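**Student:** Starting off with a structure, shown below.
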Amino acid sequence: MYPNQDQHQYSIDYLNEIAPQEKKPGLDNKKFLMLVGGGLIVAIIAGIFVLSSGSAPGPTQKMQTLAARLIALQKISTTAQKNIKSSSLRGTNSNLTIFLTNTSRDIAGPLLNNGVDVKKIDSKITAAEKGEKLSATLEDARLNAVFDRKYPREMDYQLGTVEALMKDIYASTNSKSLKEFLMATDKNMQPIKKQFEDFTAATS
């Protein structure tokens, strides 16, 4: 053994192991996964918010729907008049047609004040509110000689949907003129709706 040689010899590998490790620049795996996971959660929440907000119709769509529904019901009530046998039901239906004709005309101003042109209603809304299903139901009733029994029930239901839609629009608008129009329209509609209800009850 050489006198000057240290009795404790350490390998280079061992010295490297006990030396402080220099951190590599950038993110470690844990932090990276946390960031990616957080980003995905935010993206999912944002996507759900967009989908949920886009699924419900806005005020403009509701106003267009109301205008299109009034026009469709006016056409259906006009066509139905010749198929009604009961004189009292014909009278009620005549009042309905006049009401729908006037309302379809008078609604143009209040809606235009709120950015809706009744002459430029979305084609998808017009197609959805065309009333083809209702027309088919009424035609089937005519062929089966039960038109007078079916028609008042169907129109009572349709006027109910108009009433609900007007209430929905009323609650979502700040327009004074539109609110006043909706209130007046509902007031004028209720007696006609009640007549259809009474006729349905009498024939049930």
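**Student:** Whether any residue in region 171-180 is assigned to a helix (DSSP H, G or I) and either among the β-branched types (Val, Ile, Thr) or within 16 Å of residue 70 (Cβ to Cβ) (or both) is what I want to check.
**Tutor:** yes
**Student:** Follow-up question, since we're still on this one. Only one of these is more than 13 Å from residue 73 (Cβ to Cβ) and of a type outside the set (A, V, I, L, M): 156, 168. Name it.
**Tutor:** 168
**Student:** Among the candidates 175, 204, single out the residue that is of a type in the set (S, T, N, Q) and surrounded by fewer than 12 Cβ atoms within 10 Å (Cβ to Cβ). Step through it out loud before you land on a result.
**Tutor:** Details: 175 fails: surrounded by fewer than 12 Cβ atoms within 10 Å (Cβ to Cβ).
Every option except 204 fails the conditions.
**Student:** Being surrounded by fewer than 13 Cβ atoms within 10 Å (Cβ to Cβ), aliphatic (A, V, I, L, M) and closer than 18 Å to residue 68 by Cβ narrows it down to one of 164, 184, so name that one.
**Tutor:** 164
**Student:** Show me the helices (runs of 4 or more DSSP H) found entirely inside region 61-159 where at least 1 residues are of a type in the set (Asp, Glu) and free of Cβ contacts under 8 Å to residues at least 24 places away in the same chain.
**Tutor:** 132-143
**Student:** Go through 154, 129 for me and flag whichever is crowded, with 17+ Cβ neighbours inside 10 Å and over 20 Å from residue 194 (Cα atoms).
**Tutor:** Numbers: 154 fails: over 20 Å from residue 194 (Cα atoms).
On inspection, the qualifying residue turns out to be 129.
Only the coordinates and a few stated rules stand behind these numbers; no lab work does. Everything numeric here is computed off the predicted structure, so don't read it as measured data. Counting neighbours? That spans all protein chains shown, and the Cβs are built from the backbone with ideal geometry, glycine included.
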